[in-house]
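Written out below as structure tokens is the structure these notes cover.
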Amino acid sequence: MHDDGTGLTPLRGRARDAIAAAWVRAVAAGTLPPAPTGTDLPPVEVERPANPEHGDLATGLAMKLARPYRMPPLRIAEALAAELAREAGAPGSPIASAAVAPPGFLNLRLSDAALEGLVAGVLASPGAWGRVAAPTPRRVNVEFVSANPTGPLHIGNARGAFVGDLLCRVLEAAGHEVTREYYFNDFGAQVRNLGASVVAIRRGTEIPDDGYRGAYVHDLAAEIPGDVWAAAEAAGGDASGAVAADDGGAGGRDAAWLVGAWASERVRAGIEASLATLGVRFDVWKSEGSLYREGWVERAVARLRESGHLFEEDGALWFRSTDYGDDKDRVVRKSNGDFTYFGSDIGYVVEKFGRGFDELVYIWGADHHGTVARLRNAAAAMGFDREAVQMLLIAWVRFVRDGVEVSMSKRAGEFITLDELLAEIGVDAARWFFAARGHTSGIDFDIELAKRQSNENPVYYVQYAHARIASILRKARDAGLEPAAGVAPGSLAAATPEGALARALARLPEVVEDAAAARETQGVTAFATDLATQFHAFYRDARVVDPAEPERSRSRLALVRATQVTLARALGLLGISAPASM
RNA sequence: GCGCCCGUAGCUCAGUGGAUAGAGCGUCAGGUUGCGGACCUGAAGGUCGUGGGUUCGAGUCCCGCCGGGCGCGCCA
């Protein structure tokens, strides 16, 4: 990674390159020995020291080289520092100085020119700031939510929706091509079950024991279009009795089936609308039925058979998942001829890779962890790269209202819908809440507490900084002052308010890289909070709009404007609005 | 029983093997005649569940134990 001339190249990457080059030169100069053969050498890693006195960037490379080189780490660090010092200050070098510190750290200072160039780059191309070029761009399919359309989304679905969308935004910013995908069951027993419930209500008969009961089911019953109902009545069928548990959707097209098909599509459209209010939109809505109609399941079965990992037993068709370390084999097609969910899933894998994706990401609830191994194993058995099939298991949110757990059951009709949650706490606060937490930790979400504390959500702190900057820029314009194209040379010294703010905002691309690599977004919220804090501190210490000092004002306005752009980009990564006033 | 995840400040949670473990909220004490007080400064508050191990270095990696969640169907 060398500077591309826009000024937007991540400084951390440039520093990494400079250290790697210094290493090569030190070997050439003889101050470091050639790499020992047969030893794995550590990669060059650069971090931001927690203590600013240690510099802007640091590497522990010398300590990691001590063993293979059989040299004291301080001596290695000194050899690297000497090479870095040789080119420090040269045009184009991001490094101003390098210092060693026990037990072997190599601490770096960024050059003024690199920081100044970066601020100018942000102002010149704000739309490109925060987008990084992936070393190997990938086409990624991210499948998430995928709740069956048998009822409205409830707040238990919220976390997956937000985590999935956040991941997509981060992957896109990191240079990957992302498709957002929603997979839904459109013909199985549950859809039929929904239909039976709606039919029962319409007829005034009793709802089946395992039917659906929420208010929305009654709404559906009242809204059945005339032609659908006429067809259902003509088809007949006993919809009041229990649906055969293992019917698997293979039953006839009776009233329950016909009404269920209509109702589930109606519910699906409602889900799509709810997700849109969250700022979550999907590129592809994929129905399970289409995987069969288009032959993908049969193709998957054929691939497994060719690879020799399929067998028949007790009249069923099995995938020998134990060949890949699973603890048991898995049924693909039941003895009654119906495929299992697993059968649909492997067909879907073939279909997705057929569309040219490099990676398939699944965002599942934690209760699905038992199905991870079998699907990855099947992908491997079908000749795909097991590593290209990845599952993110989202830990449960335990919803609580004033200390009492709120149960979520679609069939019992007991749940808080997503729409209700958002009406209570707002999309921006909800997005921040989930973005700031790792997806593997369980969360207690007290709705009353969230309502009470929504004004104290850090999201408003960040938005406030953005709005405050907008106000400053308005005030400056009224005073006849516009931001300069960049900051004044020499104005970003480390110990100054300007220097601290510039160093904070410069991290954005690194934050994007790290978030995409880790598939986590907490780094983005932490970054946004830190940048807002740095801005408020700067605002306290440095007067921005001062008609008596127009040049200094224009320089500071440039830095403030770059900060605003960075805050807006970070909020955009989170799908959160960046208001000009609030 | 086996498998996966979790255990960090009073609460909710961060913490790519690095230097003195952080943030928000809560508690306590302060600050603005200069551009938005939804702001700022400071204080108190921690055996990182526990015991070993690896490492120059462990909240982070490995093993055991304790506690909690989830899963272990020809269900969906």
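The values are calculated or read from the model by the stated rules, or taken from the named source; none is laboratory data. Owing to the predicted nature of the structure, the values given are computational and were not obtained by experimental measurement. Using ideal geometry, Cβ is built from the backbone for each residue, glycine included, and neighbour counts are taken over all protein chains shown.
Miscellaneous remarks
- Restricting the first member to segment A:473-486 and to residues that are surrounded by 14 or more Cβ atoms within 10 Å (Cβ to Cβ), and the second to residues that are of a type outside the set (Asp, Glu) and in a loop (DSSP other than H, G, I, E, B), the beta-carbon pairs closer than 8 Å and six or more apart or on different chains are A:473/A:483; A:476/A:483; A:476/A:544; A:476/A:545; A:481/A:545; A:481/A:547.
- Pair list, Cβ < 6 Å and 6+ apart or interchain, from segment A:525-545 residues that are under 19 Å from residue A:471 (Cβ atoms) to residues that are near RNA strand B (Cβ under 6 Å from one of its atoms): A:532/A:461; A:544/A:472; A:545/A:475
- Qualifying residue in segment A:521-533 (condition: assigned by TED's automatic domain parsing to the domain that holds residue A:462, surrounded by fewer than 24 Cβ atoms within 10 Å (Cβ to Cβ) and over 23 Å from the mean Cα position of the chain (by Cα)): yes
- The lone criterion from (1) buried (at least 18 other Cβ atoms within 10 Å of the Cβ); (2) touching a helix residue (DSSP H, G or I) at 6+ places or on another chain (Cβ under 6 Å); (3) at pLDDT 95 or above; (4) not small (Gly, Ala, Ser) left unmet by residue A:288 is number (3).
- Tabulated pairs, segment A:46-63, first free of Cβ contacts under 8 Å to residues at least 40 places away in the same chain and in the same structural domain as residue A:19 (by TED's automatic domain parsing), second assigned to a loop (DSSP other than H, G, I, E, B) and within 6 Å of RNA strand B (Cβ to nearest atom), C-beta under 9 angstrom, 6+ apart or interchain: A:47/A:60
- Under the condition of being over 14 Å from residue A:11 (Cα atoms) and at pLDDT 90 or above, the residues counted in segment A:87-102 number 5.
- Tabulated pairs, segment A:565-582, first under 17 Å from residue A:174 (Cα atoms), second among the basic types (Lys, Arg) and away from RNA strand B (no atom under 13 Å from the Cβ), C-beta under 7 angstrom, 6+ apart or interchain: A:573/A:169; A:574/A:431; A:575/A:169; A:575/A:431
- Residue within segment A:9-30 that is within 12 Å of RNA strand B (Cβ to nearest atom) and over 30 Å from residue A:173 (Cα atoms) present: no
Matching residues to (1) under 25 Å from residue A:508 (Cβ atoms); (2) in contact with a Gly (Cβ under 7 Å, 6 or more places away or on another chain); (3) among the aliphatic types (A, V, I, L, M):
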{"residue": "A:133", "(1), (2), (3)": "yes, yes, yes"}
{"residue": "A:143", "(1), (2), (3)": "no, no, no"}
{"residue": "A:151", "(1), (2), (3)": "no, yes, no"}
{"residue": "A:169", "(1), (2), (3)": "yes, yes, no"}
{"residue": "A:174", "(1), (2), (3)": "yes, no, yes"}
{"residue": "A:182", "(1), (2), (3)": "no, no, no"}
{"residue": "A:186", "(1), (2), (3)": "no, yes, no"}
{"residue": "A:195", "(1), (2), (3)": "no, yes, no"}
{"residue": "A:198", "(1), (2), (3)": "no, no, yes"}
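- Top-ranked residue in segment A:4-60 [being touching a strand residue (DSSP E or B) at 6+ places or on another chain (Cβ under 8 Å) and acidic (Asp, Glu); ranked as farthest from residue A:505 (Cα to Cα)]: A:45
- Scanning segment A:76-97 for residues that are within 14 Å of RNA strand B (Cβ to nearest atom) and without any contact (Cβ under 8 Å) to a residue 12 or more places away in the chain yields a count of 0.
- Residues located in segment A:206-223, provided they are part of a loop (DSSP other than H, G, I, E, B) and surrounded by 14 or more Cβ atoms within 10 Å (Cβ to Cβ): A:207, A:208, A:210, A:211, A:212, A:213, A:214
- Among residues that are near RNA strand B (Cβ under 7 Å from one of its atoms) and touching a Phe, Trp or Tyr at 6+ places or on another chain (Cβ under 8 Å), residue A:468 is included.
- Among the residues of segment A:350-367, the one identified as surrounded by 22 or more Cβ atoms within 10 Å (Cβ to Cβ), touching a Phe, Trp or Tyr at 6+ places or on another chain (Cβ under 7 Å) and either more than 9 Å from residue A:296 (Cα to Cα) or aromatic (Phe, Trp, Tyr) (or both) is A:363.
- Those residues of segment A:291-320 which are more than 33 Å from the chain's Cα centre (by Cα) and part of a helix (DSSP H, G or I), in sequence order: A:302, A:305, A:306
- Residue match in segment A:98-107 (condition: more than 10 Å from RNA strand B (Cβ to nearest atom) and either surrounded by fewer than 16 Cβ atoms within 10 Å (Cβ to Cβ) or assigned by TED's automatic domain parsing to the domain that holds residue A:494 (or both)): no
- In segment A:427-439, the residue that is nearest to RNA strand B (Cβ to nearest atom) out of those that are of a type outside the set (Gly, Ala, Ser) and part of a loop (DSSP other than H, G, I, E, B) is A:437.
- If the condition is being in contact with a Ser or Thr (Cβ under 6 Å, 6 or more places away or on another chain) and either under 13 Å from residue A:48 (Cβ atoms) or within 9 Å of RNA strand B (Cβ to nearest atom) (or both), then segment A:506-530 contributes only A:508.
- Output for segment A:440-465, where each listed residue is of a type in the set (A, V, I, L, M) and either within 20 Å of residue A:527 (Cα to Cα) or more than 7 Å from RNA strand B (Cβ to nearest atom) (or both): A:447, A:449, A:450, A:459, A:462, A:465
- When restricted to residues that are outside any helix (DSSP H, G or I), surrounded by 23 or more Cβ atoms within 10 Å (Cβ to Cβ) and either among the acidic types (Asp, Glu) or in the same structural domain as residue A:220 (by TED's automatic domain parsing) (or both), segment A:147-197 contains 1.
- Hits in segment A:440-453 - residues which are assigned to a helix (DSSP H, G or I) and buried (at least 18 other Cβ atoms within 10 Å of the Cβ): A:447, A:450
- Odd one out for residue A:314 among (1) more than 15 Å from residue A:374 (Cα to Cα); (2) modelled with pLDDT of 95 or more; (3) near RNA strand B (Cβ under 10 Å from one of its atoms); (4) of a type outside the set (Val, Ile, Thr): (2)
- Looking across A:484, A:423, one residue alone is more than 10 Å from RNA strand B (Cβ to nearest atom) and assigned to a helix (DSSP H, G or I). It is A:423.
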